[in-house]
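**Student:** Sending over a structure as structure tokens; questions will come in a sec.
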Amino acid sequence: MNKLIQLALQEAKTHIGEGCPADYLPTLTSEESSRVGICLADCSGNTYVCGDCNSQFSIQSIVKVVVLATALQDNGIEGVQRVVRFEPTGDHFNSLIRHEDASQRPFNPMINAGTFAVISTISGNSEARFEKILSLVRQMADDDSISYDRRVYQAESFGGDRNRALAYILRSGMIYKDSVEDILDVHFRTSAILVNCIHLGRMGALLANDGISPQTGKRILESEHARLIRTVMATCGLYDGSGEFAVSVGIPAKSGVSGGIMASVKGKLGIGVYSPSLDAHGN
């Protein structure tokens with residue numbers, strides 16, 4: 001396995017320079033584009049790493065998986081479906097969405113509008129919601145020291161006008177009655193949670209293991225919730241590049257604009273990779 005990921009690392013390094021870091025936040029633009037890290041975490045608790053696997057980066061949209069998992073724990077599948085659909089969309093992740101049914105629900109939980117709706121179903125105020133999501137990230141990644149980067153959080157909040165527009169559209173459509181700033185505070189802070197490839201690999205392995213942590217043997221998520229999350233990742237996890245990724249790679253995955261991807265292969269393993277250079281879809 002170690003030889004396999006070393007070969008993968010060598011191949012990945014030949015493509016450095018083909019993309020570029022996200023340019024909408026200074027904290028992302030400044031990332032060292034030559035970094036590449038890989039972690040495979042199998043369902044037996046073994047971990048295989050190479051490259052810049054310990055480099056920390058903000059989790060960004062990968063946290064949408066954990067936001068969805070938290071909401072499922074609070075409300076069950078039907079409760080979450082009241083505010084969001086589970087349909088792929090060809091629109092960009094922060095598109096000012098169009099609605100195709102009378103419910104006004106966003107297409108899926110993996111786009112920004114969808115995660116705002118999902119956040120609204122998590123019980124408690126904004127602080128309690130954030131702590132629930134952070135706690136679940138720590139459990140899934142098996143690391144109680146995980147925190148968030150206040151610089152990234154502040155930059156996200158300062159530059160979040162488009163997200164505010166999206167959040168107000170949802171509020172005007174009666175998807176929720178919460179304060180827009182409360183919803184966005186949770187979104188901005190959870191997007192700034194700091195992780196590395198090992199964390200992502202373990203999170204993917206937990207989903208692959210039907211919600212049981214391979215590290216601790218503890219059940220963290222219901223099996224049915226893990227199955228639903230893998231399905232949503234497979235259909236919607238890589239923004240408007242999800243279809244191409246499904247054809248070329250074919251496993252459930254979720255990306256983030258900081259350069260991370262977390263993937264999950266049922267019954268086998270989780271994969272965490274990191275490289276700040278992105279393609280045109282933000283992957």
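**Student:** Out of the residues in region 110-128 meeting the condition of being open to solvent by 20 Å² or more (accessible area, probe 1.4 Å) and part of a loop (DSSP other than H, G, I, E, B), tell me which one is nearest to G79 (Cα to Cα).
**Tutor:** Only one residue tops the list, namely S123.
**Student:** List the pairs whose first member sits in region 150-176 and is more than 15 Å from P106 (Cβ to Cβ), whose second member is open to solvent by less than 40 Å² (accessible area, probe 1.4 Å) and not in a helix (DSSP H, G or I), and whose Cβ atoms are under 6 Å apart, counting only residues at least 6 apart or on separate chains?
**Tutor:** So the pair list comes out as V152/S58; V152/A192; Y153/A192; A155/L25.
**Student:** Every residue in region 163-178 that is open to solvent by less than 50 Å² (accessible area, probe 1.4 Å), assigned to a loop (DSSP other than H, G, I, E, B) and of a type outside the set (D, E, K, R), please.
**Tutor:** The initial filter retains those residues of region 163-178 that are open to solvent by less than 50 Å² (accessible area, probe 1.4 Å), namely 163-167, 170, 173, 175-176, 178.
If we keep only those that are assigned to a loop (DSSP other than H, G, I, E, B) as well, we get 173, 175-176, 178.
Hits for region 163-178 are G173, I175, Y176.
**Student:** Suppose the filter is among the acidic types (D, E) and open to solvent by less than 20 Å² (accessible area, probe 1.4 Å); does E131 pass it? Lay out the reasoning, then the answer.
**Tutor:** Details: among the acidic types (D, E): yes; open to solvent by less than 20 Å² (accessible area, probe 1.4 Å): no.
No: the conditions fail for E131.
**Student:** Right, another one. Only one of (1) open to solvent by less than 10 Å² (accessible area, probe 1.4 Å); (2) under 30 Å from T47 (Cβ atoms) is not met by F188, so which one is it?
**Tutor:** Here F188 clears every test but (2).
**Student:** Taking region 9-53, which residues are modelled with pLDDT under 95, of a type outside the set (D, E, K, R) and open to solvent by 50 Å² or more (accessible area, probe 1.4 Å)?
**Tutor:** Residues satisfying the conditions are Q10, T14, H15, I16, G17, C20, Y24, P26, T29, S30, S34.
**Student:** Any chance region 260-267 includes a residue that's over 29 Å from K13 (Cβ atoms), open to solvent by less than 10 Å² (accessible area, probe 1.4 Å) and out of contact with any strand residue (DSSP E or B) (no Cβ under 6 Å at 6 or more places or on another chain)?
**Tutor:** We begin by selecting, within region 260-267, every residue over 29 Å from K13 (Cβ atoms); these are 266-267.
Filter once more, so that each one left must be open to solvent by less than 10 Å² (accessible area, probe 1.4 Å): none.
Within region 260-267, not a single residue is over 29 Å from K13 (Cβ atoms), open to solvent by less than 10 Å² (accessible area, probe 1.4 Å) and out of contact with any strand residue (DSSP E or B) (no Cβ under 6 Å at 6 or more places or on another chain).
**Student:** Scan region 214-253 residue by residue and report those that are within 15 Å of T89 (Cβ to Cβ), touching a residue at least 60 places away in the same chain (Cβ under 8 Å) and surrounded by 16 or more Cβ atoms within 10 Å (Cβ to Cβ). Working first, answer last.
**Tutor:** In the first step, residues of region 214-253 are kept if they are within 15 Å of T89 (Cβ to Cβ); the result is 232-246.
Retained after the next criterion (residues that are touching a residue at least 60 places away in the same chain (Cβ under 8 Å)): 232-233, 235-237, 239-240, 242-243.
If the condition is that a residue be within 15 Å of T89 (Cβ to Cβ), touching a residue at least 60 places away in the same chain (Cβ under 8 Å) and surrounded by 16 or more Cβ atoms within 10 Å (Cβ to Cβ), then V232, M233, T235, C236, G237, Y239, D240, S242 are the ones that fit.
**Student:** Does A102 qualify as being at pLDDT 90 or above, farther than 30 Å from K218 by Cα and of a type in the set (G, A, S)? Please lay out each step first, then the result.
**Tutor:** Values: at pLDDT 90 or above: no; farther than 30 Å from K218 by Cα: yes; of a type in the set (G, A, S): yes.
So A102 fails the test.
**Student:** Among residues belonging to region 144-162 that are under 17 Å from the mean Cα position of the chain (by Cα) and open to solvent by 20 Å² or more (accessible area, probe 1.4 Å), point out the one that is nearest to G217 (Cα to Cα).
**Tutor:** If we filter region 144-162 for residues that are under 17 Å from the mean Cα position of the chain (by Cα), which is where we start, we get 146-149, 152-153, 156.
Right, trim to open to solvent by 20 Å² or more (accessible area, probe 1.4 Å) and you get 147-149, 153.
On the way: S147: 23, Y148: 26, D149: 30, Y153: 33 Å.
This residue is S147.
The values are calculated or read from the model by the stated rules, or taken from the named source; none is laboratory data. Computed from a prediction, not measured in an experiment: that's the story for all the values here. All Cβ positions, even for glycine, are placed from backbone atoms using ideal geometry, and neighbour counts span all protein chains on display. What goes into the accessible areas is simple: the full protein's heavy atoms, side chains included, and nothing from ligands, DNA or RNA. Shrake-Rupley method; radii C 1.70, N 1.55, O 1.52, S 1.80 Å.
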